[in-house]
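The next block holds one structure in the form of C-alpha cells; read it before the comments.
The values are calculated or read from the model by the stated rules, or taken from the named source; none is laboratory data. Only a predicted model underlies this, so the values are computations on that prediction, with no experimental measurement involved. Heads up, the Cβs are rebuilt from the backbone with ideal geometry, glycines too, and the neighbour counts pull from every protein chain shown. Only protein heavy atoms, including side chains, enter the accessible area calculation; ligands, DNA and RNA are left aside. Shrake-Rupley method; radii C 1.70, N 1.55, O 1.52, S 1.80 Å.
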Amino acid sequence: MDTKKILAIISAVAKKIEAEKNFLTQLDNEIGDGDHGINLARGFKSVEEKIPTWADKDIGAILKGVGTQLVSTVGGASGPLYGTAFMKAGNVCKGKNFLAAEDFVAALEAAVNGIKMRGKAVEGEKTMLDALCPALKTLKENLAGGKNFVEALSVAVDAAAAGVEFTKTIIATKGRASYLKERSLGHQDPGATSSLMMLQATLEVLREA
Amino acid sequence: MVGIVIVSHSQKLAEGVVEVAKMMASEVPIAAAGGLEDGSLGTSYEKILAAVEKVFSSDGVMIFVDMGSAVMTTEMVLEDFNRPNVRMIDCPLVEGAILAAVESVGGKTLEEILKLTEDVRTTKKF
Ligand SMILES: Nc1ncnc2c1ncn2[C@@H]1O[C@H](COP(=O)(O)OP(=O)(O)O)[C@@H](O)[C@H]1O
Ligand SMILES: [Mg+2]
C-alpha cells in the first residue's frame, strides 16, 4: 500500500460513513444519544477536505492528520477514541511511503491499543473494540497461516462483523450505553458498527486493485 | 489564583456552573468550555484548549468535567498542553467547582485545593 492507496482508503472510509450516517445515528438513538453518525460524518467530512493537502506527505503524517482532524471536529466519545487510534497508527508509520502487510498490522494494533488506553476499555464491553479486537487477531492469524493480505483482511472483516453481532448479546459497561444496563441488550453497538464499516471500506479499495 | 475550567457537553451547563461558582468568588479566573463551536451538544478540543489558555498562570489550572468524551477530550488537551500544574479533577462538577473557586480566591495553592476536592467526592448533600 503506497501513499496514494492510503489516501484512497481514507476517502472511501469518509464516503461510507457519510452514506451510513443515518443508520449509525439510528443505532445510537437506541442505546445512546443519537449522534454517532452525525458526529463521524462531520469528522470525516473535515478529513476529506484535507486529503488534497496530503498528497506529498508520508503515511505517518497523513494518519496523524486524520486523527487530529477527528479530535477537533467529531465532538462525541468517538472523536478522542478514533482520533487517538489514527494518531497512534500514524506514529507507527512515521516516515513511511509504503506499508507492507506487517506495517498495516502494526498500525492497526497501535490503533486498538490507543482506543483501549483512551477509553480505559477492554474487549467485551460493547464498544468499537468488539469489532476491532477480533479483526486484528484474525488478520494476524491468517497472515501467519500464509494467506495473502487481501484474503486475510477479508476474513478479518468477517470476524469484525461477527463481533458487531456479538455486541447485541452483551451489556454495555463503557460509554453512554452503560447507563442503560440490561436495556442495552439486543442492540448492536454503534461504534463497533462504524469500526466494521471502516474495515469494509479498506477491503473494498484493496480489492479493486 | 488557581484558574478553573468547566468542561461540559452543554454550553448552558458549563456557563451555568461558572455562574454558580462565581456567586461566592466573583474574581476567580474561570472559563466555560461547553458544547461544540456551533453550539450543539458535544465536547470541543479547541474550546477546552482556549479555556485553559485563558485562565492559565503559574498558579495552575483545575479542570472539572461532566463525563465521557469530556474526560477523553480533556485528556488529549492535557497531553498537548503539557504542564504539571494543569490538572483534570475527578469529583462532582458543581461542588468541585464551587469549592475550587472559593479556595482559589482565598489564596490556597493548587496542591491544597486538590486535597480538598478529595473530600468533595464523598461529601453527602444531606
Ligand atoms: N470508554 C469507551 N471505550 C471504548 N469505546 C467507547 C467508550 N465510550 C464510548 N465508546 C464507543 O463510542 C460509541 C459512541 O460514540 P459517539 O456517539 O460518537 O459518542 P457519545 O457517546 O459521546 O455520544 C459507542 O458506541 C462505543 O463504541
Ligand atoms: Mg452518541
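Does the stretch A:87-96 contain any residue that is free of Cβ contacts under 8 Å to residues at least 60 places away in the same chain, aliphatic (A, V, I, L, M), within 21 Å of residue A:133 (Cβ to Cβ) and open to solvent by 20 Å² or more (accessible area, probe 1.4 Å)? Before you say what the answer is, go through the steps one by one.
Start the filter on the stretch A:87-96 by keeping residues that are free of Cβ contacts under 8 Å to residues at least 60 places away in the same chain, which leaves A:87-96.
Applying the additional criterion that residues be aliphatic (A, V, I, L, M) yields A:87, A:89, A:92.
With within 21 Å of residue A:133 (Cβ to Cβ) added as a condition, the list becomes A:87, A:89, A:92.
If we keep only those that are open to solvent by 20 Å² or more (accessible area, probe 1.4 Å) as well, we get A:87, A:92.
Looking through the stretch A:87-96, at least one residue is free of Cβ contacts under 8 Å to residues at least 60 places away in the same chain, aliphatic (A, V, I, L, M), within 21 Å of residue A:133 (Cβ to Cβ) and open to solvent by 20 Å² or more (accessible area, probe 1.4 Å).
Among A:147, A:137, A:126, A:120, which is the only one that is without any contact (Cβ under 8 Å) to a residue 12 or more places away in the chain and out of contact with any strand residue (DSSP E or B) (no Cβ under 8 Å at 6 or more places or on another chain)?
Only one candidate qualifies: A:147.
I'd like the full set of residues that are assigned to a strand (DSSP E or B) and either open to solvent by 40 Å² or more (accessible area, probe 1.4 Å) or within 14 Å of chain A (Cβ to nearest Cβ) (or both), limited to the stretch B:1-58.
Keep residues of the stretch B:1-58 that are assigned to a strand (DSSP E or B), which gives B:3-8, B:30-35, B:43.
Across the stretch B:1-58, the qualifying residues are B:7, B:8, B:32, B:33, B:34, B:35, B:43.
Mind listing whichever residues of the stretch A:66-77 are assigned to a helix (DSSP H, G or I) and either more than 8 Å from every other protein chain (Cβ to nearest Cβ) or under 14 Å from residue A:14 (Cα atoms) (or both)?
Of the residues in the stretch A:66-77, the ones assigned to a helix (DSSP H, G or I) are A:66-73.
Scanning the stretch A:66-77 gives A:66, A:67, A:68, A:69, A:70, A:73.
Among the candidates A:33, A:28, which residue alone is in a loop (DSSP other than H, G, I, E, B), within 16 Å of ligand 2 (Cβ to nearest atom) and touching a residue at least 60 places away in the same chain (Cβ under 8 Å)?
A:33
Which of (1) of a type in the set (D, E, K, R); (2) over 22 Å from residue B:71 (Cβ atoms); (3) within 10 Å of ligand 1 (Cβ to nearest atom) is the odd one out, the single condition residue A:109 does not satisfy?
Only one criterion in (1) of a type in the set (D, E, K, R); (2) over 22 Å from residue B:71 (Cβ atoms); (3) within 10 Å of ligand 1 (Cβ to nearest atom) is unmet by residue A:109, namely (3).
One residue is enough: does the stretch B:43-65 have a residue meeting the conditions touching a His at 6+ places or on another chain (Cβ under 8 Å) and under 30 Å from residue A:40 (Cβ atoms)?
We begin by selecting, within the stretch B:43-65, every residue touching a His at 6+ places or on another chain (Cβ under 8 Å); these are B:43.
From the residues that got through so far, the ones that are under 30 Å from residue A:40 (Cβ atoms) too are B:43.
Yes, the conditions are met somewhere in the stretch B:43-65.
Would you confirm whether any residue within the stretch A:61-78 is in contact with a Lys or Arg (Cβ under 9 Å, 6 or more places away or on another chain), among the basic types (Lys, Arg) and open to solvent by 10 Å² or more (accessible area, probe 1.4 Å)?
yes
Residues in the stretch A:47-65: is at least one within 14 Å of chain B (Cβ to nearest Cβ), within 12 Å of ligand 1 (Cβ to nearest atom), over 12 Å from residue B:76 (Cα atoms) and part of a helix (DSSP H, G or I)?
Within the stretch A:47-65 (the criterion being within 14 Å of chain B (Cβ to nearest Cβ), within 12 Å of ligand 1 (Cβ to nearest atom), over 12 Å from residue B:76 (Cα atoms) and part of a helix (DSSP H, G or I)), the answer is no, since none of the residues qualifies.
How many residues are more than 15 Å from residue A:30 (Cα to Cα) and either within 16 Å of ligand 2 (Cβ to nearest atom) or away from every other protein chain (no Cβ under 14 Å) (or both) if we restrict to the stretch A:165-176?
Number of matching residues: 3.
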